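Read-outs: derived from the displayed coordinates by stated rules, not from any lab. Here the structure is a predicted model, which is why all the values come from computation and not from measurement. Cβ coordinates were reconstructed from backbone atoms using ideal geometry, including for glycine residues, and neighbour counts include every protein chain displayed.
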Amino acid sequence: MKTNDSSAVDQYKMAQAQEKKMLQVSQESFDAALWRMEQQNAVGKIKGFDKLAKSIIDAA
């Protein structure tokens, strides 16, 4: 019976390690997606600023 217990504990530890790794991968994916969104937002703001500057120059 004792060998079964240690085998179950080993499986549990392996499952937890795998879950932790999967969570880390999903966190990295989330961080990468967030970074891309921030970059796109920054580009959008720059384009918006360009349009604003152009309209100010055209109006002047």
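I'd like to know which of Asn4, Asn41, Leu52 lies farthest towards the positive end of the charge dipole of the chain, counting +1 on Cβ of Lys and Arg and -1 on Cβ of Asp and Glu. Projecting each Cα onto the dipole axis, the largest value belongs to Leu52. Counting only lysines at least 8 places from Lys21 when in the same chain, those with an alpha carbon closer than 29 Å to its own are Lys2, Lys13. Per residue, the convex hull spanned by the Cα atoms of segment 3-59 measures out at 29 cubic angstrom. Each Lys and Arg adds +1 at its Cβ and each Asp and Glu adds -1 at its Cβ; summed about the Cα centre, the chain shows a dipole of about 140 debye.
Helix 2-59 sits at what angle to the longest principal axis of the chain, using alpha carbons and giving 0 to 90 degrees rounded to 10? With both axes taken from Cα atoms, the answer is about 0 degrees.
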